[in-house]
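Nothing in this text is a laboratory measurement; each read-out follows from the coordinates by a stated rule. Just so it is clear, the structure is predicted and the values come from calculations on it, not from any experiment. Please note: Cβ atoms are built from the backbone with ideal geometry, for glycine as well, and neighbour counts cover all protein chains shown.
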Amino acid sequence: MKKDIFLLDGANGTCLWAKTGDKGPVWRYNKLFPDKVVELADEFITAGSDFVLSNTFSANRPSVEPFDFNVEEIVREGVILAKEAAKGRAKVLLDIGPLTGLLIPFGKIAKEEAREFFGEMLKYGMMENPDGVILETFMDLEMLKIACEEAVKYDVPLLCSMSFTKYNPKKGGRTMFGNTPAQIAKELAPFRPEAIGLNCSEGPEETLPIIKEFSEATDIPLIYKPNAGMPKVEGGSEVDYNDFGEEVSKAALVPGVKYIGGCCGSSPLYIKALANKLETL
Ligand SMILES: [Zn+2]
């Protein structure tokens with residue numbers, strides 16, 4: 001494998017739904033099905049992941065509070081379970097996704113509230129000493145920057161990743177809020193992130209041109225973690241694992257790309273196919 005590429009993991013959400021037969025917020029599984037959470041992380045590492053993400057994506061207070069759990073137990077447990085699976089074979093990133101809803105004036109979330117919710121996840125997550133923090137699937141650069149402001153209070157590597165809408169060759173890659181790769185790179189640079197880039201979005205084919213835009217816009221190392229296409233009604237994903245490995249590995253040849261993995265729909269089988277393909281580069 002190209003020496004300067006690290007393999008991330010695949011999807012926690014879709015894979016844990018499949019493993020537990022349960023639907024609903026997957027962070028609950030840190031308490032309800034901890035062995036399944038460990039099992040999935042272990043499968044990703046066996047498939048070749050150098051990094052796994054804690055199962056804490058949307059374990060923020062507004063999401064957790066309506067259930068009979070609290071943020072501290074869910075977030076701390078998420079990091080503990082990932083480390084238990086890793087057993088030193090892979091690094092663990094504290095995973096934080098965006099809040100559900102939009103910031104004022106587009107929605108109802110006040111900036112200071114968002115700061116408090118991200119700060120709380122970070123405080124509890126960092127108690128379990130993850131190797132870094134990943135802020136991912138953000139669609140609004142302003143919300144991501146609030147999370148960054150809280151994350152840089154801790155002295156660990158920070159990875160920042162946004163989700164993009166369908167690629168438009170005329171306008172280039174854009175998030176739902178219209179943020180472009182060049183703008184994202186410029187506005188995140190002051191936080192000195194270890195890496196920036198994209199995850200989830202519309203699958204490998206739609207996102208390769210976007211990671212190329214990042215590559216042209218910045219010298220910051222890049223993250224490429226697309227989903228396996230859109231989920232199919234009958235189950236599974238649009239892109240099968242061999243095609244996924246083939247398509248996603250192309251990003252390894254884009255200058256600056258350092259972290260590669262999969263998002264929604266990508267099971268350990270997808271990560272294995274990707275690892276195999278990367279070996280041949
Ligand atoms: Zn996703």
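One compactness figure for region 233-281 is 1.15, namely its Cα radius of gyration divided by 2.2 N^0.38 Å.
Compactness of region 1-110 is given as radius of gyration and Dmax, 15.0, 46 Å, from Cα positions.
The Rg/Rh ratio of region 61-164, with Rg taken over Cα atoms and Rh as the Kirkwood radius over Cα pairs, comes to 0.97. Residue exposure proxy: PHE44, PHE69, PHE117, PHE244, ordered by other Cβ atoms within 10 angstrom of their Cβ from fewest to most, comes out as PHE69, PHE117, PHE244, PHE44.
The ranking of VAL64, VAL152 from fewest to most other beta carbons within 10 Å of each one's beta carbon is VAL152, VAL64. Pairs spanning more than 27 Å between alpha-carbon atoms, out of LYS153/LYS250; LYS87/LYS258; LYS36/LYS111: LYS153/LYS250; LYS36/LYS111. Near GLU238, the amide H atoms lying under 5 Å from its own belong to MET230, LYS232; only residues 5 or more places off or on other chains count, and H is placed 1.01 Å from N. For the chain, treating each Cα as an identical point scatterer without solvent, what Debye log10 I(q)/I(0) comes out at q = 0.16, 0.17 1/Å? Debye curve over Cα of the chain, log10 I(q)/I(0) at q = 0.16, 0.17 Å⁻¹: -1.29, -1.48.
Rounded to two decimals, the Cα-based Rg/Rh of region 126-213, with Kirkwood Rh, is 0.99.
Couplings 3J(HN,Hα) for region 42-57, derived from phi with the Karplus relation 6.51 cos²θ - 1.76 cosθ + 1.60 (θ = phi - 60°), are 4, 5, 5, 5, 4, 6, x, 5, 7, 9, 10, 9, 5, 7, 9, 2 Hz, where x marks Gly and Pro. The 3J(HN,Hα) values that the Karplus relation (6.51, -1.76, 1.60; θ = phi - 60°) gives for region 268-279 are, in residue order, x, 4, 5, 5, 5, 4, 5, 4, 4, 5, 5, 4 Hz. Gly and Pro appear as x. Here the 3J(HN,Hα) profile of region 91-101, calculated from phi with Karplus coefficients 6.51, -1.76 and 1.60 at θ = phi - 60°, is 8, 10, 10, 5, 9, 10, x, x, 6, 6, x Hz, Gly and Pro shown as x. In terms of its alpha-carbon gyration tensor, region 87-238 comes out rounded; the largest-to-smallest axis ratio a/c stays below the 1.5 threshold.
A convex hull fitted to the Cα coordinates of region 200-281 yields 72 cubic angstrom per residue.
Among PRO66, PRO25, PRO226, the largest mean-square fluctuation in a Gaussian network model of the chain (Cα springs under 10 Å) belongs to PRO66.
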